[in-house]
Amino acid sequence: MLDDVFRAAHHHRRDAVRLEMTRDEAVLAAQQGHRNYAKRQGTWFRREPDMHWLAGCGEDDVVWDEARRLVKRHLAINVPRES
């Protein structure tokens, strides 16, 4: 998926260098492409039944604490069993 982002960004830079669009048009097109990509990711993640959405930003200690709690729980539940 990350390759799609880099490919889209390269496409807009290439068009600007070839003078097929201005630098400002290339920046706007790349920004719109990133927004579209983020929207597709959100749609995909919403379909995941075990997805946990955290309220807040990564700079908030409460968010970090909740993320750590969820990771610990996930790891405890999904410990590989020895054969």
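Where a number appears in this text, it was derived from the coordinates with a stated rule and is not lab data. Please read all numbers here as calculations on a predicted model, not as lab measurements. Cβ: placed from backbone, ideal geometry, glycine included. Neighbour counts: every protein chain shown.
Go through region 31-56 and give me each residue that's hydrophobic (A, V, I, L, M, F, W, C) and within 23 Å of ARG68 (Cβ to Cβ).
Of everything in region 31-56, those that are hydrophobic (A, V, I, L, M, F, W, C) and within 23 Å of ARG68 (Cβ to Cβ) turn out to be PHE45, MET51, TRP53, LEU54, ALA55.
Of everything in region 47-59, what is surrounded by 10 or more Cβ atoms within 10 Å (Cβ to Cβ) and either under 14 Å from the mean Cα position of the chain (by Cα) or touching a residue at least 12 places away in the same chain (Cβ under 8 Å) (or both)? Give them in sequence order.
HIS52, LEU54
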